[in-house]
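The numbers here are math on the coordinates, done by the rules we state, and not lab data. As the structure is a prediction and not an experimental result, all values here were calculated from the model. Cβ atoms come from the backbone with ideal geometry, glycine included; neighbour counts cover every protein chain shown.
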Amino acid sequence: MKHLRRYLVAGLLVWIPLGVTGLILKALIDLMDKTLLLIPQQYRPEEWLGFTIPGLGFILVFLVVLITGLLAANIVGRSMVGLWESLLERIPVVRSVYAATKNFAEIVFSDSGQSFKKVLLIEYPRKGIYSLAFQTATNLGEVQGRTGEEMICTFVPTTPNPTSGYIIIVPKKDVIELDMEIDEALKMIISLGVVVPAWRRDQIAELPLELPAENKE
């Protein structure tokens, strides 16, 4: 029975990730294929091909985003985007949602700055209990002036959905900076802590405490 259980678990570990990955990819492809409905029916690919090709919606979305980026990168495109944004800023509810979304997108996708570039360990929700966090800002203005300390703004994501979470502002001296990459931390959060990133042996010397004997081998 032990051998049977081991083989079943080994098989599930192969098929479950493949199945979940396939379902997610299929859902994304189906969602993007719906963008083809924006094209007039007589110009849709299936009309002149005679059959449907899954994934054409992804190509359409990619081309639209790429062309939009090319247009927005020049002077004429920037002026058009500026006019569009000034129009949205005059709509009471829309301007708040648009501004917040734009700021978040600029922080996440921008190569400059330190936002979402570092994985941190902070004592939350109480002292002695640690949580993974992402650094979002270091120049906190009034917050730093009021506290009289160098503060760091962090984002503590929830699990298994890392898109929601809490803004936690902590003193820099109480923050532990980790070596793991952003994607490694996200894998650990999404997997409920089951997937733990590997740590290189040459980093063991940086630990403040002695490692267990089995981890030194």
Inset, instruction - For K26, list the lysines whose Cα falls under 16 Å from its own Cα; do not include residues on the same chain fewer than 8 positions away. - result: K34
Legend entry - Positive-end residue, the chain charge dipole about Cα centroid, Cβ charges, pick of G22, F58, S86: G22
Inset, instruction - Report the charge-dipole magnitude of region 24-129 in Debye, nearest 20, computed about the Cα centre from +1 at each Lys and Arg Cβ and -1 at each Asp and Glu Cβ. - result: 480 debye
Legend entry - If the convex hull is drawn through the Cα atoms of region 119-197, its volume per residue in Å³: 93 Å³
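For the chain, what are the DSSP H helices with axial Cα length of 27 Å or more and mean Kyte-Doolittle hydropathy of at least 1.0?
Numbers: long enough: 2-33 (46 Å, 1.03).
Span-like helices here: 2-33.
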Inset, instruction - Could you check which residue among T138, T68, T101 shows the biggest mean-square fluctuation in a GNM of the chain with a 10 Å Cα cutoff? - result: T68
Legend entry - Unit charges on C-beta of K, R, D, E only; dipole of region 119-197, Debye: 300 debye
Legend entry - Hull volume in cubic angstrom per residue (convex hull over the Cα atoms of the chain): 249 Å³
Inset, instruction - Please list the non-local residues whose amide H lies under 5 Å from the amide H of A137, H modeled 1.01 Å from N, same-chain partners needing a gap of 5 or more. - result: C153
Inset, instruction - Compute the distance in nm between two label points, each set 7 Å from the Cα along the Cα-to-Cβ direction, one at K26 and one at N139. - result: 4.9 nm
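Under the rule of -39500 (n - 2.57) per DSSP H run of 4 or more residues, summed and divided by the residues of the chain, what mean residue ellipticity at 222 nm is obtained, to the nearest 500 deg cm²/dmol?
The helix-only estimate for the chain comes to -15500 deg cm²/dmol at 222 nm.
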Legend entry - Sequence-distant lysines (8 or more away, or on other chains) whose Cα lies within less than 23 Å of K172: K117, K118, K127
